[in-house]
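Step one of this worksheet: look at the structure below.
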Amino acid sequence: MAHPTSDTFHEVCLVTGCTKGGENTGCGQMEKEETIIDSPVAVGGVTLIPIAKISLDYEWSNGTVYFFGMKRPVAIVAISVSGKRAFRITGEEVSVEELIKEVPGVKETLEGM
């Protein structure tokens, strides 16, 4: 099963333009944030599925473009013979069902394991 990657941006969250007195001043901004499921990693009989947020921002003004991107972990799912458990990056355990509601694609990923 193919997993979304940092190259998979399906929608734009915010696009704005700069105007002054109704005239376009040539500046603008775009922000995008998406939660992704990274590739599973098997370690010693346990499969770990990392979940991360990826954000991409860019701003342009008077012919100059500024880019900023970030990938930060938010949760992990651990699968072993004893079951499936999910944890937030803070270490707090969260039910797998709750994580399925929060992150699109987790259910399909887990069904494929």
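The numbers here are math on the coordinates, done by the rules we state, and not lab data. It should be emphasised that the depicted structure is a prediction, and the values quoted were computed from it without experimental measurement. For neighbour counting, all protein chains shown are included, and Cβ atoms are generated from backbone atoms with ideal geometry for every residue, glycine included.
The table for this structure:
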{"quantity": "Around VAL77: net Lys/Arg minus Asp/Glu count, Cβ-Cβ under 9 Å", "calculated": "+2"}
{"quantity": "Spin-label model distance (nm) - LYS53 vs VAL81, 7 Å beyond Cα toward Cβ", "calculated": "3.8"}
{"quantity": "Residue-count net charge about GLN29 - beta-carbon cut-off 14 Å; Lys, Arg +1, Asp, Glu -1", "calculated": "-3"}
{"quantity": "Qualifying lysines (Cα of each under 17 Å from Cα of LYS84; at least 8 residues distant if same chain)", "calculated": "LYS101, LYS107"}
{"quantity": "Cut-off 9 Å between beta-carbons: net charge of the residues surrounding PHE68, Lys and Arg +1, Asp and Glu -1", "calculated": "-2"}
{"quantity": "Euclidean distance between Cα centres, the stretch 36-69 to the stretch 73-91, Å", "calculated": "19"}
{"quantity": "Set of aspartates and glutamates near LYS71 by C-alpha distance (under 15 Å), chain-local residues within fewer than 8 positions excluded", "calculated": "ASP7, GLU31, GLU33, GLU34, ASP38, ASP57"}
